[in-house]
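Let me begin by presenting the structure, written as structure tokens, before commenting on it.
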Amino acid sequence: MSENIDVNSNVQDETKLVQIKSVLKNETRDQETKKSVKFNKVEVYSFERCQGYLSIPASDNDSSSITLGMGYFHNEYESFISQDEFLKFKRKIDLDKIKKFLNLIEKGEITALNDDIIERAKEILSKRDFYEENIEQDLAISADILCPILSLEQRMEKLANLGYSREEIDSKESEDINLIRESRLVCGCICSKLNMVCGESGDLCSCFANGINCQIDRIKFPCSCNLKRCKNVYGMKRFNPKTVFDHYKKVLYGKNVESEDTPRKKGRKRKNTSNMRLSKRKKINNEQINLDDD
């Protein structure tokens, strides 16, 4: 009896050393920080501004438009020994942008975007020391402050500060921008305006002649036809905001969003294997009984 007692006590002592992890959710697990990738070195290259020739500014109402670009070669180089050091450097730059934004509003040089944005900017600056030390805390500030859209005058001023004179700025870029803007408006067929039916008048329908479908984003744009007056053999597509939103969620969040119009696929029914197992057991038992009789 004494040997049995010693064996049981040893088993109990060994089981105390083993930590069994539960598969159930635990509050401490939920509060654990998520894993992320960090770099041990960050290199920052800075480039000067120049005339762009790369984009079509949407904010310009004037016929003369100039864009900003980036030089081919960098003019400044900085190296940081860790990612945290770089993030602290970047946080100071963002805080300086917020301070500059509030100073421009006080001077009346720019109009206020929103009262809530201004209050949030003042709140962040009042806790500047906290945000400089705690770089993991998000500023939660509007992108219009950290990366504002520059007006034509501001872009011209930046080029002037870089040494560009009015004569050195290429005016042909403005002509190209205006041509692209006009070409964007000239699209789609004009069958309804000419009192024609798409597809019936042959190549007079530009969509049919190019072998493409008609497209309607809004009333009479880009194509002027409608469901009743469109017989394009290549079809007609109408803008559906729900389809665009479903695609946005699928791409951004990785979710397979099914629209209400598409039928759901029925899953395959699983066969009831319990009866099959019972029948196999019965066969095995019968075979054993027959062998015993033999």
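The values are calculated or read from the model by the stated rules, or taken from the named source; none is laboratory data. All of these numbers come straight from a predicted model, not from anything done at the bench. Ligands, DNA and RNA are excluded from the accessible area calculation, which covers all protein heavy atoms including side chains. Shrake-Rupley method; radii C 1.70, N 1.55, O 1.52, S 1.80 Å.
Overview of values
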quantity	calculated
Three-way shape label, the stretch 165-250, alpha-carbon gyration tensor, a/c 1.5	oblate
Accessible area expressed per residue, the stretch 124-187, with surrounding protein chains retained (probe 1.4 Å, Å²)	71 Å²
Portion, in percent, of the accessible area of the stretch 63-181 that falls on carbon or sulfur, probe 1.4 Å	51 percent
Contact order relative to length of the stretch 43-147, as percent, for alpha carbon pairs under 8 angstrom and 6 or more apart	24 percent
